[in-house]
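In what follows, a single structure is set out as structure tokens and then discussed.
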Amino acid sequence: MEHLDYETLNTLKQVMEDDFALLIDTFVQDSTDRISSLSELIKGTDGDLIRRAAHSFKGSSSNIGAPTLAALCSALEKKAFENKLNDLAADLDLIEKEFAEVLTQLRAL
């Protein structure tokens, strides 16, 4: 699976025109906040809060064209839904690494 779906990004670029850079900046800031939030949430035991946070991050990642990041968020979401809250830090670590790669590729656009 690719880090970025360039077809989705090109469509967004055409639709957003001059606001495309703002969209990317907003995604980056929002994602940074979401990772920070997930980092705090996985220290607790509220699977539903973790699930909702992961679900939301999955959606924004999918919308911006980051399918691998969305898939990793989906995996964390599923574990939280099933109340399998052990070792979510490993899942978050994968999400953080993938986000770093997505960020690098988005900046290269």
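Evaluated at q = 0.12, 0.19, 0.23 Å⁻¹, the base-10 log of the normalised Debye intensity for the chain, with identical point scatterers placed on the Cα atoms, takes the values -0.39, -0.88, -1.19. Report the longest stretch of the chain that contains none of the GluC sites (Glu not before Pro) sitting in a DSSP loop with at most 14 other Cβ atoms within 10 Å. Longest stretch, sites excluded: 3-81. Each stretch of four or more DSSP H residues adds -39500 (n - 2.57); spread over every residue of the chain, this sum gives -26500 deg cm²/dmol at 222 nm.
With respect to the chain, whose longest principal axis is taken over its alpha-carbon atoms, helix 20-41 is tilted by about 10°. Could you sort out which of K13/K84; K43/K97; K13/K97 sit more than 29 Å apart by Cα distance in this structure? Beyond 29 Å between Cα atoms: K13/K84. In a DSSP loop and with at most 15 other Cβ atoms within 10 Å, the trypsin sites (Lys or Arg not before Pro) in the range 16-109 are K43, K84.
Directionally averaged projected area (the range 6-49, Cα convex hull): 4.1 nm².
Each part gets one Cα centre, and for the range 25-61 versus the range 76-103 those centres are 9 Å apart.
Bear in mind that the values in this text are calculations on the coordinates, not laboratory data. As the structure is a prediction and not an experimental result, all values here were calculated from the model. When we count neighbours, we look across all protein chains shown, and the Cβ atoms used for this are built from the backbone with ideal geometry, even at glycine.
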